[in-house]
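Q: Sharing a structure, written as structure tokens. Questions coming.
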Amino acid sequence: MRLGSFLKNRSIFLLTQGLVLSFIIILLAVVDIGIYAIIYVSSFFIITNVVAFIFEYIRKNNFYKGVLQNLENLDKKFLLSEMVEEPNFDEGIILYQILKETNKSMNDNIAKYKISSEEYREYIETWVHEIKTPIASTLLIIENNNNEVTRNIRTEIDKLDAFVEQALFYSRSNNVEKDYAIRGVILKDLVNQTIKGNSRNLIESKVLIELQKLDYEIFTDSKWFEFIVSQIITNSIKYKKDNPKIVFHAIENDNNIVFYITDNGIGIPENELSKVFDKGFTGQNGRKYAKSTGIGLYLAQKLCHKLGLSIGITSKINEGTTIFITFPRGHHNLR
Amino acid sequence: MSKIFIIEDDDIIRTELNNLLSKYGYVCESSTDFERVIDNVISAAADLVLLDINLPMFDGYYICREIRQRSNVPIIIVTSRANELDELMSMNLGADDFITKPYNTQILLAHISAILKRTVNNETINTISHKGVILHTTKSIVEYNGQTAELTKNELRILSTLMNNKGNIISRDDIMNDLWQSDEFIDDNTLTVNINRLRKKLESIDIFDFLVTRRGQGYVV
């Protein structure tokens, strides 16, 4: 609050005070009371006014300055009303009450959306579990009636199952911390497990699997990690070329273990590499292949971050793509 | 032969599991009387129980605990809910294993046979015979008219898959998928090599025209 604007806002009051003062001076002059008395009365009048103004200015300035400073320092601006102390002048009290009131109303609104999005998430989870039963029974029927037709149906059911799985993990991805257990696991076991989970798809696409040294202990949640690797494998199959091949290998450094998944697929143009982890990004390859959703890698990155891992990508068009996941070491090993 | 008791409220899954397990030489029993299912399990004297979690009347956890109080029969919990808590709860209530739906049937069979191997020593499961050819799965030996030949891990797996499905054509992809389940991620060419070697071994003990190729479809014994 500037002093200038403070005074300007009180111009009418100042003007009337001026008029009152001149009226008093004229009155005193008319009754011929003497020049000293006039100076004494008017200076008393001016001094009391100035003191009152200074006092008011300091009080208001302190309050508004505090409010603005709080607002600037706050990470979540809507918490402002919690930080402001109730002032002792009318305008401030009104502002204070407005802040409290709007904040409360916004909290109510947020709570409403929180509840509805939570309900939706719960519904999706129940739905996924419900639909797993018919998928399981279809797969059993296929297994018991193995022929050309049912084999083709199984391929489609497997895709269906993968989509259902993705929906489940998507709805859970905001609450990873509610459902995970970080344990020491051998990277090779996780990779084997994931390959087995995608075996039908990989065999049908005639993908050659090459496992290099993977006997490292890493600390992560198996379920989430397998899902991440599944998304990457699915992409490698989607964007394959002739004689597809996926190589899994890992390198141990001083303070981390880096796990590489390399394919010899169609690759990604360099100018799109920075965007592949964005939600909904499908790029040039995505336009050529209708199956792209732009969700797989987005989810993979999101989950990696929640698990404290970093994920990166390198690619060369017509040569292939490498995704690498870095497991930090050191503080994890202390257990 | 081992007897498996299936507790599952979905009719189709129950019937199809029944068919599948019968095909692999297990005797199956099930009950739809969920109020008295625990008594039924005990009186059936099964070697293993497959238990679903979402059931009418009582949930699977309750049934698991009740069975465990009265019997040591191995229990595999089969569920569509796949989170840490469910798994933990199943194990705490005395279940021996936990499989999530939709399961790969080969994995389910592997879990069943692993648990049975641990709990009952059943010799009959370990040999399969067809047209006079006897396969000893634990010893990895194939026998015909008193002559024997040793098989490698892959050859054994291929032959046992074919003999378990005698008379049915098994596609190359299915055989590969089967091998992949034991962490052997072989490609098409390796499978051809394995099949050829297996044929030679069979011929070395005078088994001819046993493993038949159906062009474009797969193999059959």
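The values are calculated or read from the model by the stated rules, or taken from the named source; none is laboratory data. Values in this document were obtained by computation on a predicted structure and should not be read as measured data. With ideal geometry, Cβ positions are generated from the backbone for all residues, glycine too; neighbour counts draw on all protein chains shown. Note: accessible area is taken over every heavy atom of the protein model, side chains too, but ligands, DNA and RNA are not part of it. Shrake-Rupley method; radii C 1.70, N 1.55, O 1.52, S 1.80 Å.
Q: For the range A:251-270, give me each residue that is buried (at least 16 other Cβ atoms within 10 Å of the Cβ) and free of Cβ contacts under 8 Å to residues at least 12 places away in the same chain.
A: none
Q: Within the range B:21-33, take every residue that is closer than 21 Å to B:Thr161 by Cβ and out of contact with any strand residue (DSSP E or B) (no Cβ under 9 Å at 6 or more places or on another chain) and give me the one that is least open to solvent (accessible area, probe 1.4 Å).
A: For the range B:21-33, the residue satisfying everything is B:Tyr24.
Q: Hey, does the range A:151-165 have a residue that's part of a helix (DSSP H, G or I), more than 27 Å from B:Ile170 (Cβ to Cβ) and within 11 Å of chain B (Cβ to nearest Cβ)?
A: Checked the range A:151-165: at least one residue is part of a helix (DSSP H, G or I), more than 27 Å from B:Ile170 (Cβ to Cβ) and within 11 Å of chain B (Cβ to nearest Cβ).
Q: Sticking with this one: Could you list all residues from the range B:83-105 that are at the interface with another protein chain (Cβ under 9 Å from one of its Cβ atoms), open to solvent by 20 Å² or more (accessible area, probe 1.4 Å) and of a type outside the set (A, V, I, L, M)?
A: B:Asn83, B:Glu84, B:Thr100, B:Pro102, B:Asn104
Q: Return a yes/no flag: does the range B:111-129 have any residue that is open to solvent by 20 Å² or more (accessible area, probe 1.4 Å), within 14 Å of chain A (Cβ to nearest Cβ) and not polar (S, T, N, Q).
A: yes
Q: Okay, moving on. From A:Tyr113, A:Tyr170, A:Tyr123, which residue is hydroxyl-bearing (Ser, Thr, Tyr), loosely packed, with under 12 Cβ neighbours inside 10 Å, more than 13 Å from chain B (Cβ to nearest Cβ) and under 30 Å from B:Asp52 (Cα atoms)?
A: Exactly one residue qualifies, and that residue is A:Tyr123.
Q: Scanning for something surrounded by fewer than 18 Cβ atoms within 10 Å (Cβ to Cβ), at pLDDT 85 or above, touching a helix residue (DSSP H, G or I) at 6+ places or on another chain (Cβ under 9 Å) and farther than 26 Å from A:Asn144 by Cα, does the range B:154-177 turn up at least one residue?
A: no
Q: A further question follows. Can you tell me which residue within the range B:42-60, out of those that are among the charged types (D, E, K, R) and under 12 Å from B:Ile76 (Cβ atoms), is nearest to the other protein chains (Cβ to nearest Cβ)?
A: B:Asp52
Q: Can you pull out the residues in the range A:234-250 that are farther than 23 Å from A:Asp215 by Cα, open to solvent by 40 Å² or more (accessible area, probe 1.4 Å) and not in a loop (DSSP other than H, G, I, E, B)?
A: Within the range A:234-250, A:Thr234, A:Lys238 qualify.
Q: Moving on. Having 1 or more residues that are modelled with pLDDT of 90 or more and open to solvent by 90 Å² or more (accessible area, probe 1.4 Å) is the bar; report the helices (runs of 4 or more DSSP H) wholly within the range A:1-90 that clear it.
A: So the answer is A:11-30, A:35-73.
Q: Would you please name the residue that is farthest from the other protein chains (Cβ to nearest Cβ), looking only at residues in the range B:148-195 that are among the charged types (D, E, K, R), closer than 25 Å to B:Lys131 by Cβ and touching a Leu at 6+ places or on another chain (Cβ under 7 Å)?
A: B:Glu155
Q: Right, something else. Specify the residue that is nearest to B:Asp188 (Cα to Cα); the eligible residues are those in the range A:203-233 that are at the interface with another protein chain (Cβ under 8 Å from one of its Cβ atoms) and in a helix (DSSP H, G or I).
A: It comes out as A:Ile203.
Q: Take the range A:176-192 and flag every residue that is over 15 Å from A:Val247 (Cα atoms) and within 10 Å of chain B (Cβ to nearest Cβ).
A: Those that are over 15 Å from A:Val247 (Cα atoms) and within 10 Å of chain B (Cβ to nearest Cβ): A:Lys178, A:Asp179, A:Tyr180, A:Ala181, A:Asp189.
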